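The values are calculated or read from the model by the stated rules, or taken from the named source; none is laboratory data. None of the values given here were measured: they were computed from a predicted structure. Using ideal geometry, Cβ is built from the backbone for each residue, glycine included, and neighbour counts are taken over all protein chains shown. Surface accessibility is based on the protein's heavy atoms, side chains included, excluding ligands, DNA and RNA. Shrake-Rupley method; radii C 1.70, N 1.55, O 1.52, S 1.80 Å.
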Amino acid sequence: MDKIVFARIAWHPRYDGKYPLPYTAAYWTEKPDAEFAEWLNFKAVRGKCYGWVKPSSSWTADLKNLEAGSETESIEGVTVIWVARDPNGGSKIVGWYENATMFSNLKDRPKPLKFSYLFVAHSKDCVLLEESQRTFRIEKNFRNLWYAKDETSFKEKVIEFLAEGGSDLFIDPVETDFSDIEGKRKLVNHLRVERSSKLVRKFKESLQDFKCTVCDFDFEKQYGDIGRHFIEAHHIKPVSSYKSDGITSIKDLAAVCSNCHRMLHRNVPQPSVNDLIQTIKKRKK
Ligand SMILES: [Zn+2]
Ligand SMILES: [Zn+2]
């Protein structure tokens, strides 16, 4: 099982050091001079994020919890799950670092960051969820750090959530009926790209509006606030030609509503976005 540690911090929309101040315990901080080190946990400096958490009441972390018998001052390859109390109730996963280095003692962050850190990771391995994506509840009431020892099935669920990129999409096994293993493998890679939260976030930022490219459906218009900025990303290269699980440009993604997305995946070979637009047009005649 991966080296995995849960770290409790205060809630913040972006952890970028910008207002509002983090929400801690049970109130939004109002002290104008109050600052929290975790406020900067996703503020990348020269390609890295420096994560703060209070390691324990004695201010050190026992790395033996991750690697039995470890006498070193740091451990690499750690998955850090950031957990915070939602102002609307419940503790949730707010983001994570993959492939992080964890230290037994707090270190000083590089300038211009302030305060200290316990974890460091490449920013490409750091995923911060938007507030609406923070759907994974953590019932365990822990302080500082928690290693979830012996909770294998719980940790598997967390890893699954991470693999889906914390996406609010769901994997439906009947999505496309591939008969061969190779086809299934390609579909899984395709869906992983569409559900990569970093890519989808960049994609959403590039959009002028959140309407479906195929049918013009607008989630906010239909559902109000709850549908605001909701749209799915569809990878326009057909699944069958999909090769690597490598980097995809946002140019390869199309914004589609959930209905059109399902229709695009229903048949092999997969229709193009344009095919589906034409199909709808013809039927309306
Ligand atoms: Zn649509
Ligand atoms: Zn798709």
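Each residue of the stretch 80-92 was assigned a 3J(HN,Hα) from its phi angle through the Karplus expression (A = 6.51, B = -1.76, C = 1.60, θ = phi - 60°), giving 10, 9, 7, 10, 9, 7, 5, x, 8, x, x, 9, 9 Hz with x at Gly and Pro. Using 12 Å as the cut-off for backbone N distance, which residues of the stretch 96-121 belong to the label zone defined by a point 7 Å from the Cα of THR60 along Cα→Cβ? Zone members listed by number: 104-106.
For the stretch 62-69, the Karplus equation 6.51 cos²θ - 1.76 cosθ + 1.60, evaluated at θ = phi - 60°, returns couplings of 8, 5, 4, 5, 9, 9, 4, x Hz by residue, with Gly and Pro reported as x. Could you tell me the calculated FRET efficiency between GLU156 and LYS18, based on Cβ-Cβ distance and R0 = 35 angstrom, to the nearest 0.05? It comes to 0.50. Per the Cα gyration tensor, the stretch 3-163 maps to an equivalent ellipsoid with semi-axes of 22, 19, 15 Å, ordered largest to smallest. The distance between label points at HIS229 and ASN99 comes to 2.7 nm (points 7 Å beyond Cα on the Cα→Cβ vector).
Computed extension length for LYS237-LYS107: 42.3 nm, one decimal, from 0.36 nm per residue of separation with the Cα-Cα distance subtracted. Here PHE103 sits with roughly 30 square angstrom of accessible surface, probe radius 1.4 Å. By a 1.4 Å probe calculation restricted to protein chains, SER272 has an accessible surface near 50 Å², given to the nearest 10. Pairs over the 28 Å Cα-Cα cut-off, from the set LYS18/LYS48; LYS54/LYS124; LYS48/LYS237; LYS114/LYS251; LYS221/LYS282; LYS43/LYS92: LYS48/LYS237; LYS114/LYS251.
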